[in-house]
Structure formats: structure tokens, C-alpha cells
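Peer 1: I'd like to ask you about the structure that follows.
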Amino acid sequence: MTAPSDHPITTPPRAPSPVHGFGTLAVHAGSPHDPSTGAVIEAISLSTTFEQTAVGRPVGEFEYSRSSNPNRANFEAMVAALEHAKYALAFSSGSATTANILQSLAAGSHVISVSDVYGGTHRYFTQVAKAHGVKVTFTPEIEVDIREHITEATKLVWIETPSNPTLRLVDIRAVATAAHEHGILVVVDNTFLSPYVQNPLDYGADIVVHSVTKYINGHSDVVMGVAAFNSDDLHKRLSFLQNAIGAIPSAFDSWLAHRGAKTLHLRAREATVNATAVAQALEASPHVIAVNYPGLDSHPHRAIALKQHRNGMGGGMLSFRIRGGHAAAERFCQLTKIFTLAESLGGVESLVEVPSSMTHAGIPKDQREAVGVFDDLVRISCGVEDAEDLKNDVLQALVLAVAEAEKLGNGTNGTNGVTNGN
């Protein structure tokens, strides 16, 4: 633990409060009508280069599409508005967003991260960042012990809230206050909730990141990422890396993601309704050991959800531990009829997966289980189908999967004594 920095960070001022509500911003932000044709939906600008009237004097603000493109610029303007940010930068994937932010750190830098992060983030931290001389310390209780992990080399704190896949919540303001005392930046991965449910910059975060692939695009047809922030210095550093590294989305992907985001508020609300219904049904089932969903009163961090989430919403993601061990978890995913067994999340369709064998398979078992990612854990992404259909689908698959596992003699192996609802 180190003493507070002589150069603590003052949280940058928020962008001006939006005049309009979220839905209005989602539809109209970054969406100018075409001045020559009057088209209300922007055209896809596929050109890689733009005319210049003289050497070094482009006709407009664009020169070359790696550096900037009309569709990408409009998408970035929309995300900035939704996240109450001054700036947003889009990248070719969520992982590319992570890489660009970590690339901004000098060799020898230290990062503190929550333990139960997305498997791809864990992979980047432990295998790529480490190779470039950036050390990462993982902690399961970051609000409690952040000051114990801070060193002179600490430059960044990385938070997922809710975490993937155990849905733990982090008090962003508490962590940002501690980090800023030491001059340390705070990044929040807001992918699991979307800007509609949570705006981390409002609680002191310096950067908010998303895998646009998930809720912002929402239709499982784009791979993309974005970072939003208010600092002029961060914009200078990260926009330089965006251009220099070149991990940028195509014009078409930017256009698709922008179109998808126009209905984000509608999709996020419906996904929350559906996830709440499914979580309540699972919590009441004798075939379930534990349910992780921040919309339930039984969630250990429910108070944080009520403070940080719009109207205390739980979002569309949940996970649960099934009786019968790994065999039951796998069989459950094969027996659902509406939920599709697949990785990813946040689309209009409902998905189900087993993190220990899929999204988090690259994390050593002892590290996974230390943060609650057991072999019997099932992760669910609720889409926008009818809630009653999703609930019934989960319950029928649950009964069959547990019965089959019992026949195989798996019983309740791997339950570790956790009780339903914890």
C-alpha cells in the first residue's frame, strides 16, 4: 500500500446533461439528415479515401477511413451521448478496445482488476499484457482491499460490474474515490448492462468500455467495441492509438451497430423483464443450488443495483448453479428449445452456455472456482421473446437435465454446500 499521490486525479467534469431522454438520444444522436437528399437514415460511406482541394486540405473532416469515417464518427457521437461522455472511440472488437487501453500504459505499469472478468480480458491481462511488461493483480473484493494492492507502479483499475459470469456488483464510486487519491485511472466494462441501465462515468469512472457486439448492437451480426470518456488527455492518447494500431470497425459494421442501438432502450427493458421472470423461477426450483441475478432481493449486492442501475434494473444476464454437476449443466443447455446453446450475449435471441467449458475455459480451474465459476454454473442471456415462454423452457430443461444426471449417478457433486439464492 502506498501513500496518496501528490498528483491525485480529479474526476473530469461530465459532458453537459442531455436535454432529451435516453430513447430520444438513441434514435437521434449522431444521426443528421443528409443535407443534399434529405435522407433520414445515413448512407454507408464505403470510401477508404476522401478528396482534398489542395495538399493537406481535405474537402471535409475526413481524409482516410482508418483515421476517421463518417459512419464511425456518427456511431461514436451516439455512444458518447448515451454514456454521458464527451468522447467515444470505436474499435474492431471489445478485445481490441481492451488492448488499446492497455497499450497506452508504459512497460512496468501495474493494473488492479476484479477477479471474475470476461475470459478474453483475463487472457489478455495474463498472456499479452504480461509479455509487454504490464503486471495485473486480481482481487475478488476490490472495494475492500484496493488500497492494499496499490503500488507506485499502479496506473489503472479495471472493473466489470456486473462481473462475467457471476454477476457480482462493484460500487464504482467507492473504487474511483480510492483510485483517484493515488492518481490512478478507473475503467469500467459496462457490457453486461448497456448504457441504458448504467452510466459508470456518472459514478466517477474515467473510461467506460463495451463489447458493442452485445447489447449496443443487439442483433448478433456485428463484432465491435467502444470506449467513452470525458478527458481531453485520454482522447488525445487513445485516438492516436486507434489510428496507429488500426483496430477499427468497418463503415458497414459502424452503420449496423448504430442502427441496432436505436432500439437499445426497448430491448434492455424487455430483457430485464424476461431475466427477472426466469431468475425468480430458478430461485424457486429445488433443482437449483444458487441464482446470480442483481434484480433479485436475495442478491448480496442488491443495494448497489438500486443505487447504480436505472430503476434498480437487473439487466438481461443471469447465471445459476444446477444440481447434478457438470453433466447436468451441459445437458440443460442441450435440452432448451428456445434458448440457443452458444457463446456471446445481449442479442434479441436468448442464449445459454456453460462458462467453465466455453467462455471461461482458458482460466485455470482453481482460479475459476475461487470466484464462483464452478463446473455446474450455467450462464443465461435473455432476449426479447415472451417471458412466459422463456420461463417454461428453462423449467422443462431443468427437470429433464437433473433427472438424467441423477440416473448417471452424478447426484449433487460439486455443489460445495452453497444454498439456493446465495
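The values are calculated or read from the model by the stated rules, or taken from the named source; none is laboratory data. Everything numeric in this text was worked out from a predicted model, so none of it was measured. We place every Cβ from the backbone using ideal geometry, glycine too, and count neighbours over all the protein chains shown. Side chains included, ligands, DNA and RNA excluded: accessible areas come from the protein's heavy atoms. Shrake-Rupley method; radii C 1.70, N 1.55, O 1.52, S 1.80 Å.
Peer 1: Which whole-Hz couplings ³J(HN,Hα) result when phi for each residue of the range 131-140 is put into the Karplus expression 6.51 cos²θ - 1.76 cosθ + 1.60, θ = phi - 60°, listed in order with x for Gly and Pro?
Peer 2: Those phi angles translate into 5, 9, x, 9, 9, 10, 10, 9, 9, x Hz.
Peer 1: While we're here: Take the solvent-accessible surface of the protein heavy atoms, probe 1.4 Å, and return the percent of it on the chain that carbon and sulfur atoms account for.
Peer 2: Answer for the chain: carbon and sulfur cover 54 percent of the accessible area.
Peer 1: Let me ask another. Please report, ordered by residue number, every helix of the chain (full DSSP H runs) that is 24 Å or longer along its axis going by C-alpha atoms and whose mean Kyte-Doolittle hydropathy reaches 0.0. Walk me through the numbers before you get to the answer.
Peer 2: Working: long enough: 264-283 (28 Å, 0.15); 387-407 (31 Å, 0.21).
Once both thresholds are applied, what remains is 264-283, 387-407.
Peer 1: A further question follows. Need one number: nm distance between label points at HIS20 and ASP233, each 7 Å from Cα along Cα→Cβ, rounded to one decimal.
Peer 2: About 3.5 nm separates the two model spin labels.
Peer 1: If you don't mind, another one. Once the Cα atoms of the range 85-166 are picked out, what are the Rg and Dmax in Å?
Peer 2: 12.8, 35
Peer 1: For the chain, modelled as a Gaussian network with Cα springs under 10 Å, which listed residue fluctuates most, GLY38, GLY324, GLY383?
Peer 2: It is GLY38.
Peer 1: So which of LYS236/LYS262; LYS307/LYS391; LYS214/LYS262; LYS86/LYS262 end up more than 21 Å apart by C-alpha?
Peer 2: LYS236/LYS262; LYS307/LYS391, as the Cα separations exceed 21 Å there.
Peer 1: So if R0 is 51 Å, what FRET efficiency would ALA370 and ARG57 give, r being the distance between their Cβ atoms, rounded to the nearest 0.05?
Peer 2: Values: r = 58 Å, r/R0 = 1.14.
Step by step, r from the Cβ atoms, then E = 0.30.
Peer 1: On to the next question. I want to check the label-to-label distance for HIS132 and GLU388. Put each point 7 Å from Cα in the C-beta direction and report it in nm to one decimal.
Peer 2: Distance between label points: 5.2 nm.
Peer 1: For the chain, what is the mean residue ellipticity at 222 nm derived from helices alone (per DSSP H run of n ≥ 4: -39500 (n - 2.57); sum divided by total residues; nearest 500 deg cm²/dmol)?
Peer 2: -10500 deg cm²/dmol
Peer 1: Sticking with the crude label model, points 7 Å out along Cα→Cβ, report the distance from PHE252 to THR48 in nm, one decimal please.
Peer 2: 1.5
Peer 1: Report which label in [x] 0.99; [y] 0.96; [z] 1.02 holds the value of Rg/Rh (Cα atoms, Kirkwood Rh) derived from the coordinates of this structure.
Peer 2: [x]
Peer 1: Gain in length, ASP221 to GLN396, computed as 0.36 nm per residue apart minus the alpha-carbon separation, to one decimal in nm?
Peer 2: Extra length available between ASP221 and GLN396 comes to 60.1 nm.
Peer 1: Sort ASP221, ASP297, ASP206 from largest to smallest accessible area, using a 1.4 Å probe on the heavy atoms of the protein chains.
Peer 2: ASP297, ASP221, ASP206
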